[in-house]
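Scroll down for the structure; my scribbles are underneath it.
The values are calculated or read from the model by the stated rules, or taken from the named source; none is laboratory data. Here the structure is a predicted model, which is why all the values come from computation and not from measurement. Counting neighbours? That spans all protein chains shown, and the Cβs are built from the backbone with ideal geometry, glycine included. Areas reflect the complete protein model, heavy atoms only, side chains present, ligands, DNA and RNA absent. Shrake-Rupley method; radii C 1.70, N 1.55, O 1.52, S 1.80 Å.
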Amino acid sequence: MTTSRGRPRGFDRASALEHALAEFWRNGYQATSIAGLTRAMGISAPSLYAAFGDKRTLFSEAVARYAQTYGQYGSRSLAEPTARAAVERMLREAAAEYTDASHPPGCLVINGAVNTTPADEDVKAELQGFRDATKHAIAQKIQVDVRACLLPQETDPLALATFYATVIQGMSIQACDGAGREDLHRVVDLAMKAWPV
């Protein structure tokens, strides 16, 4: 690894990014300081700025990394043949991911910008964009099943997708509050009883 000026970089950029991701995940964007980031990443502030730009740019890179790794359960779930199977898999995999002791609880994309100042509205909008994309992908999956007569014709795809998006967001908050995997699986059991038949 080298810097933009060709000098050898004195740290592993990928590892540093992973530590930054965990710091943002644990504390949220607003409460994460440059001092906290450099301490977690094991680098100096000048090294952080040289390798990643500012805190805002680093956050976007960390969120992208999260989406490609820990948050992949959403994309995997949408590969299921029916909307019901996709939603249930998404909720169950979220329950496992949100309570995995190897990283902070909950979901970075849900909890990363709960508290932001007006100056950081773009952070909130960035994360909402990820959430909205998943919700609309679920709605599209539901719409396909309505057209195929696998769901009642009066089913509102966006409303149903919003309901399950609300469940998954609540599961993230519950995990941060200490709910365990089995607790969240019981939530999934109840949520799936609301699926139209």
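Where the second residue is in a helix (DSSP H, G or I) and among the hydroxyl-bearing types (Ser, Thr, Tyr) and the first is closer than 21 Å to Gln128 by Cβ and lies in the range 36-64, which pairs have Cβ atoms under 7 Å and are six or more apart or on separate chains?
Once the first residue is closer than 21 Å to Gln128 by Cβ and sits in the range 36-64, its partners that are in a helix (DSSP H, G or I) and among the hydroxyl-bearing types (Ser, Thr, Tyr) give Phe59/Tyr29.
Check Ala31 against each of (1) of a type in the set (Gly, Ala, Ser); (2) out of contact with any Asp or Glu (no Cβ under 7 Å at 6 or more places or on another chain); (3) touching a residue at least 12 places away in the same chain (Cβ under 8 Å); (4) open to solvent by less than 40 Å² (accessible area, probe 1.4 Å) and name the one condition it does not meet.
Evaluating Ala31 over (1) of a type in the set (Gly, Ala, Ser); (2) out of contact with any Asp or Glu (no Cβ under 7 Å at 6 or more places or on another chain); (3) touching a residue at least 12 places away in the same chain (Cβ under 8 Å); (4) open to solvent by less than 40 Å² (accessible area, probe 1.4 Å) leaves (4) as the failure.
Given the criteria in a helix (DSSP H, G or I), under 30 Å from Pro152 (Cα atoms) and either open to solvent by less than 60 Å² (accessible area, probe 1.4 Å) or modelled with pLDDT of 95 or more (or both), does Ala20 qualify?
no
Residues of the range 84-141 being among the polar types (S, T, N, Q) and either surrounded by 22 or more Cβ atoms within 10 Å (Cβ to Cβ) or within 20 Å of Tyr70 (Cβ to Cβ) (or both), which ones?
Here is the first cut: in the range 84-141, the residues among the polar types (S, T, N, Q) are 99, 102, 111, 115-117, 128, 134, 140.
Answer for the range 84-141, where residues must be among the polar types (S, T, N, Q) and either surrounded by 22 or more Cβ atoms within 10 Å (Cβ to Cβ) or within 20 Å of Tyr70 (Cβ to Cβ) (or both): Thr99, Ser102, Asn111, Gln128, Thr134.
Would you confirm, using the coordinates I've provided, whether Arg26 is open to solvent by 20 Å² or more (accessible area, probe 1.4 Å) and touching a residue at least 12 places away in the same chain (Cβ under 8 Å)?
On the way: open to solvent by 20 Å² or more (accessible area, probe 1.4 Å): yes; touching a residue at least 12 places away in the same chain (Cβ under 8 Å): yes.
When the stated conditions are applied, Arg26 passes them.
From the list Gly36, Gly74, which residue is at pLDDT below 95 and in a helix (DSSP H, G or I)?
Just one listed residue meets the conditions, Gly74.
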